[in-house]
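Novice: Next up is a structure, given as structure tokens.
The values are calculated or read from the model by the stated rules, or taken from the named source; none is laboratory data. Bear in mind that the values here come from a model prediction, so they are computed numbers and not experimental data. We place every Cβ from the backbone using ideal geometry, glycine too, and count neighbours over all the protein chains shown. The protein model used for the area step is the full one, side chains on, heavy atoms only, and it has no ligands, DNA or RNA in it. Shrake-Rupley method; radii C 1.70, N 1.55, O 1.52, S 1.80 Å.
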Amino acid sequence: MSRADEIFISNMREILDGGVWDNDLDVRPRWSDGTPAHTVKKFGIVNRYNLQEEFPILTIRRTFFRSCIDELLWIWQKKSNNVCDLNSKIWNQWADESGSIGKAYGYQLGIKHKYKEGEFDQVDRVLYDLKNNPASRRIMTNIYNFADLHEMNLYPCAYSMTFNVSGDTLNGILNQRSNDMLTANNWNVVQYAVLLIMFAQVSGLKAGELVHVIADAHIYDRHVPIVEEIVKMPRLTAPVLEVDKSIKNFYDFTVDSFRLVDYKFNDKKYDIPVAE
């Protein structure tokens, strides 16, 4: 059984069985029909994924791996904030008429900052430090820029990564202020596991542990029946992730640089509404 399945099911049961509903609050999200989108949540969920043991992708429900990687590269490699640079339509509802999502996500990673070693954007600073200052405790990114929040069409959910080198192993902590657990939890886990693997490979390191810290882990009211069905699905063996080992430059990775070997999953299609 996939360890990611075990963690996901445990999280969902914890939220459903012991979470707090916000039905008595005036919430911001709305369903497409205008109805308030209420949630049941748990505060402060922390999950750990050992990438040496297994690639953390669900089998009880399919996670669309190539689309995950495409979005990851859109944010971290292209540093784009325009959906025209993305091959899926997952961001379209937050884009303006020009395709922009405002000064959010990739835009923030691409802003250059001055250091004594020169000018770097956040991604290139991480790459520089992993090669030149691996003992540093300051290798991190943060896209929750308060000065630009008013110009973001959606505030960042997964907003910060902290990288830490222990010996020859690269570990990372993903901080997330809010997580729609059904639609986005494993999506984010898969993305940042791959990001850690990419950074490790181009820095001559091994990918170690991804720690996922979620402040507000929630399930939307209209998602509850779907969640109850998914957590009862048969659990299968996790696939193996193959990465093109010839790549030494972060910007040379493409979606085709990654392949899941023997990915078996529950192939039932679910109509999952997304609150805005």
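Novice: Which pairs turn up if I take residues in region 38-54 that are farther than 21 Å from residue 240 by Cβ and look for partners that are aliphatic (A, V, I, L, M) and open to solvent by 60 Å² or more (accessible area, probe 1.4 Å) with beta carbon separation below 7 Å, at least 6 apart in sequence or on another chain?
Specialist: Correct list of pairs: 40/20; 41/20.
Novice: Sort out which residues of region 80-106 are under 18 Å from residue 157 (Cβ atoms) and either among the β-branched types (Val, Ile, Thr) or in contact (Cβ under 8 Å) with a residue 40 or more places away in the chain (or both), and write them in order of number.
Specialist: The answer is 83, 90, 93, 94, 95, 101, 102, 103, 104, 105.
Novice: Across region 248-272, what is the number of residues that are open to solvent by less than 50 Å² (accessible area, probe 1.4 Å) and farther than 30 Å from residue 110 by Cβ?
Specialist: So the first thing to find is which residues in region 248-272 are open to solvent by less than 50 Å² (accessible area, probe 1.4 Å), and the list is 250, 253, 255, 257-258, 260-261, 263, 266, 270, 272.
Then drop every residue that is not farther than 30 Å from residue 110 by Cβ, which leaves 261, 263, 266, 270, 272.
Total meeting the criteria: 5.
Novice: If a residue has to be part of a loop (DSSP other than H, G, I, E, B) and either at positive phi or out of contact with any Phe, Trp or Tyr (no Cβ under 9 Å at 6 or more places or on another chain) (or both) to count, how many in region 236-271 make the cut? Break it down into steps so the answer makes sense when it comes.
Specialist: Step one: filter region 236-271 for residues part of a loop (DSSP other than H, G, I, E, B), giving 236-239, 244-249, 253-254, 262-271.
Filter once more, so that each one left must be either at positive phi or out of contact with any Phe, Trp or Tyr (no Cβ under 9 Å at 6 or more places or on another chain) (or both): 237, 245-246, 248-249, 253-254, 262, 264-271.
Number of matching residues: 16.
Novice: For the list (1) out of contact with any Lys or Arg (no Cβ under 9 Å at 6 or more places or on another chain); (2) part of a loop (DSSP other than H, G, I, E, B), I need the number of the one condition that residue 233 fails.
Specialist: Tallying (1) out of contact with any Lys or Arg (no Cβ under 9 Å at 6 or more places or on another chain); (2) part of a loop (DSSP other than H, G, I, E, B), residue 233 fails exactly one: (1).
Novice: Now a separate question. Return the residue satisfying two criteria in turn: it lies in region 147-168 and is in a strand (DSSP E or B) and either without any contact (Cβ under 8 Å) to a residue 40 or more places away in the chain or open to solvent by 40 Å² or more (accessible area, probe 1.4 Å) (or both), and of such residues it is nearest to residue 91 (Cα to Cα). Break it down stepwise before answering.
Specialist: In the first step, residues of region 147-168 are kept if they are in a strand (DSSP E or B); the result is 152, 158-166.
If we keep only those that are either without any contact (Cβ under 8 Å) to a residue 40 or more places away in the chain or open to solvent by 40 Å² or more (accessible area, probe 1.4 Å) (or both) as well, we get 158-164, 166.
Values: 158: 15, 159: 17, 160: 20, 161: 21, 162: 25, 163: 27, 164: 31, 166: 36 Å.
Only one residue tops the list, namely 158.
Novice: Of the residues 43, 65, 55, only one is open to solvent by 30 Å² or more (accessible area, probe 1.4 Å) and either touching a Cys at 6+ places or on another chain (Cβ under 7 Å) or aromatic (Phe, Trp, Tyr) (or both); which? Let's see the steps before the verdict.
Specialist: Numbers: 65 fails: open to solvent by 30 Å² or more (accessible area, probe 1.4 Å); 55 fails: open to solvent by 30 Å² or more (accessible area, probe 1.4 Å).
Among 43, 65, 55, only 43 is open to solvent by 30 Å² or more (accessible area, probe 1.4 Å) and either touching a Cys at 6+ places or on another chain (Cβ under 7 Å) or aromatic (Phe, Trp, Tyr) (or both).
Novice: Is at least one residue of region 35-57 under 20 Å from the mean Cα position of the chain (by Cα) and part of a helix (DSSP H, G or I)?
Specialist: no
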